[in-house]
Amino acid sequence: NPALGVPGDFATTGPYTTVPAMAGELTAGSAGVVIARFAWAEDSTGVVSNSKPSATSTRFGFVGRDQRAAITTYLAESTMTVNAGNEITLYDSGAFLMAAPSTATIGQRVFAPYSGAAPTLGTAGTPPTTTLSVTTTSGSAAISYTGGDLYPGMPITGTGIPASTTVATVNATAGTATLSAAATASGTVTATVTTGYETRFYVSTPGSTGDVIIITNRGF
């Protein structure tokens, strides 16, 4: 059967709301912004990126397909990336089309990876996690890590890491980061990090991997 439409489109004519912006705010960052994914706006600058730019970024929403962009790839016929500097509208409620990243069932929660990758689906209250090796120093918020990637805002747990700690800043090149709280012990431990932010959107129509489905924050 034909797809419901193009990912990022409005799925219904029902009501929607957008993330507020001051004059000159909510513009795509240097890497551009991918449509039909979620994105954060840096609170101090209003620059938008699919990955969470800092632990303090609070403005967050879905990137719909009603954005302005230019096709810059030679011979390409379409693009799903808004060019750097273009204005961005972030939607924090409504019903939208999205390509299913896995088998989708009605009622699943939609999670937005802190990395800016495509959304994932799962059970509400159980965001996706992964593990990596972290070296801590007692009394210091600085850590080093291997075996995975860290991004600002990720909740992190492990021996010597206080409860409710999140990743504050990351230097991926050096493999170092700072946490929102100082470690209580020194050593190298296996830490668990939450890789996806739990959005307010749920799956409204079922589908197989790659199918265009409807996600919404209404009706559940």
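The values are calculated or read from the model by the stated rules, or taken from the named source; none is laboratory data. Just so you know, these numbers come straight off a predicted model, no measurement behind them. Here the Cβ positions follow ideal geometry from the backbone for every residue, glycine too, while neighbour counts run over all protein chains shown. Remember, those area values only see protein heavy atoms, side chains included, never the ligands or the DNA or RNA. Shrake-Rupley method; radii C 1.70, N 1.55, O 1.52, S 1.80 Å.
Keeping the other protein chains in place, figure out the carbon and sulfur percent of the accessible area of the chain, with a 1.4 Å probe. Intermediate values should be presented prior to the final figure.
Working: 5570 of 10570 Å².
With neighbouring chains kept in place, the figure for the chain is 53 percent.
Considering all projection directions equally, how large on average is the shadow of the alpha-carbon convex hull of the stretch 103-182, in square nanometres? Let's see the in-between values first.
On the way: hull surface 23.3 nm².
For the Cα atoms of the stretch 103-182, the hull's average projected area reads 5.8 nm².
In whole Hz, with x marking every Gly and Pro, tabulate ³J(HN,Hα) for the stretch 177-183 from phi via Karplus 6.51 cos²θ - 1.76 cosθ + 1.60, θ = phi - 60°.
Rounded to whole hertz, the list is 7, 10, 9, 6, 9, 6, 5.
Can you list, largest first and rounded to whole Å, the semi-axes you get for the chain by taking the square root of 5 times each eigenvalue of its Cα gyration tensor?
Numbers: eigenvalues 209, 84, 49 Å².
Semi-axes (√(5λ), whole Å): 32, 21, 16.
If the only charges are +1 at each Lys and Arg Cβ and -1 at each Asp and Glu Cβ, what is the size of the charge dipole of the chain around the Cα centre, to the nearest 20 debye? Could the numbers behind the result be given before it?
On the way: 8 positive and 11 negative charges, 54 e Å.
Approximately 260 debye in magnitude.
Got a number for the accessible area of E25? Probe 1.4 Å, square angstrom, nearest 10.
Surface open to solvent at E25 totals about 40 Å².
Can you list residues from other chains, or at least 5 along the same chain, whose modelled amide H is less than 5 Å from the amide H of A55?
Residues meeting the amide H criterion: G153.
For the stretch 155-170, take each phi angle, set θ = phi - 60°, evaluate the Karplus expression 6.51 cos²θ - 1.76 cosθ + 1.60, and give the result in whole Hz per residue in order, putting x for glycine and proline.
x, 9, 9, x, 4, x, 9, x, 4, 6, 7, 10, 6, 8, 9, 9
What ranking of R68, R200 comes out by heavy-atom accessible area, probe 1.4 Å, highest first? Intermediate results must be reported in sequence, preceding the final value.
On the way: R68 165, R200 125 Å².
Sorted by accessible area, descending: R68, R200.
Arrange the residues R218, R109, R37 by how much accessible surface each exposes, largest first, with a 1.4 angstrom probe. Before the final figure, lay out each step's value.
On the way: R218 105, R109 35, R37 70 Å².
Most to least solvent-accessible, the answer reads R218, R37, R109.
What does the accessible area of M154 come to, in Å² to the nearest 10, when a probe of 1.4 Å is used?
10
Suppose we keep just the DSSP beta bridges with both residues in the stretch 1-64; what percent of those would be antiparallel, to 5?
On the way: 6 of 8 bridges.
Taking every DSSP beta bridge within the stretch 1-64, about 75 percent pair in antiparallel fashion.
Contact order normalised by length for the chain, with contacts defined as Cα pairs under 8 Å and 6 or more residues apart; what percent is it? Intermediate values should be presented prior to the final figure.
On the way: 608 pairs, mean separation 50.2, N = 220.
Once divided by the residue count of the chain, the mean separation gives 23 percent.
Go through the stretch 124-140 residue by residue and turn each phi into a ³J(HN,Hα) via Karplus (6.51, -1.76, 1.60, θ = phi - 60°); whole Hz please, and just put x for glycine and proline.
Listing the rounded values in order: 4, x, 10, x, x, 9, 8, 10, 8, 8, 10, 10, 10, 10, 4, x, 10 Hz.
Can you give me the long-range amide H partners of L150? Hydrogens built in the peptide plane at 1.01 Å from N, cutoff under 5 Å, separation of 5 or more residues or another chain.
Excluding prolines and chain starts, which carry no amide H, there are no hits.
Summing Lys, Arg as +1 and Asp, Glu as -1, what charge do residues with Cβ under 9 Å from the Cβ of F62 carry, F62 excluded?
On the way: positive: R37; negative: D92.
Taking every other residue near F62 into account, the sum is 0.
Express the accessible area of the stretch 113-189 per residue in Å², computed with a 1.4 Å probe while the remaining protein chains stay in the model.
Details: 3510 Å² over 77 residues.
That works out to 46 Å² for each residue.
Could you sort Y197, Y91, Y74 by accessible area so the largest value comes first, with the probe set to 1.4 Å? Provide the component values of the computation, followed by the final result.
Details: Y197 90, Y91 10, Y74 190 Å².
Heavy-atom accessible area, descending, gives Y74, Y197, Y91.
Counting only residues 5 or more places away or on other chains, whose amide H sits under 5 Å from the amide H of I161 once H atoms are built in the peptide plane?
T184
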